[in-house]
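Quick notes on the structure that follows.
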Amino acid sequence: MHGSASSGWLLVALCAATGAYCLLRMRSGVEEQRRAAGGEALMGFGMAAMAVPAAVFTPPAWVWPAYAAVFGAAGLRALWAARSGRHHLHHLVGAAAMVYMAVVMAGSPAHAHGHGASGTPLLTGVLLLYFAGYVLLTGVRLIPVVTVAGGGPGAPSVPAPGGDAGAGGRAGAGWGDRPELARACRLSMAIGMLAMLLPL
């Protein structure tokens with residue numbers, strides 16, 4: 001999908017590794033975590049398959065409508081789940097971006113992996129702005145917050161309250177339930193999405 005084969009393979013590796021980590025997160029004891037991780041695993045593996053360089057594999061024409069159908073269904077599921085939490089809206093935008101890229105690729109068979117100036121520039125621009133903002137905001141949220149005990153210079157630093165707790169502030173939660181790991185997973189997928197949208 002993207003210029004050089006080496007950058008395409010890097011994107012495949014990033015997305016596949018993210019999808020594999022999300023599969024591991026599905027072992028969580030928290031139902032909501034399992035559901036979110038399942039959707040993110042689907043997104044990661046779907047992005048990895050879409051990013052395979054065209055010189056290596058050009059998928060048949062039926063693949064793009066299948067992508068649109070699968071991620072359209074994932075988007076509807078995310079829209080339904082958004083009733084209980086705003087964070088599902090990000091999954092909805094990600095699924096919509098995948099449907100959009102599949103439609104663009106289906107509409108340009110001569111450029112089976114999205115090369116050229118096809119697509120709607122306005123929608124591409126909106127998606128690029130969204131994912132760029134998401135990458136920046138999530139990156140800032142991953143920076144560790146440290147408070148200074150006593151407030152004076154040279155005082156020992158102490159992690160902010162809740163820094164060692166798992167999801168929901170519970171100490172002892174499994175490593176797959178740690179919110180910073182889930183954020184890092186979403187951050188890497190958003191970076192991958194930016195890389196995939198840029199050539200459209």
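The values are calculated or read from the model by the stated rules, or taken from the named source; none is laboratory data. Keep in mind that this is a model prediction, so the values were computed, not measured. Every residue, glycine among them, receives a Cβ derived from its backbone with ideal geometry; neighbour counts consider all protein chains shown. Side chains are part of the model used for accessible areas, which takes the heavy atoms of the whole protein and leaves out ligands, DNA and RNA. Shrake-Rupley method; radii C 1.70, N 1.55, O 1.52, S 1.80 Å.
Name the residue from Val52, Cys15, Gly39 whose Cα lies farthest towards the positive end of the charge dipole of region 9-100, charges +1 on Cβ of Lys and Arg and -1 on Cβ of Asp and Glu.
Gly39
Measure off, as a whole percent, the carbon and sulfur share of the 1.4 Å-probe accessible area of region 1-96, all protein chains present.
72
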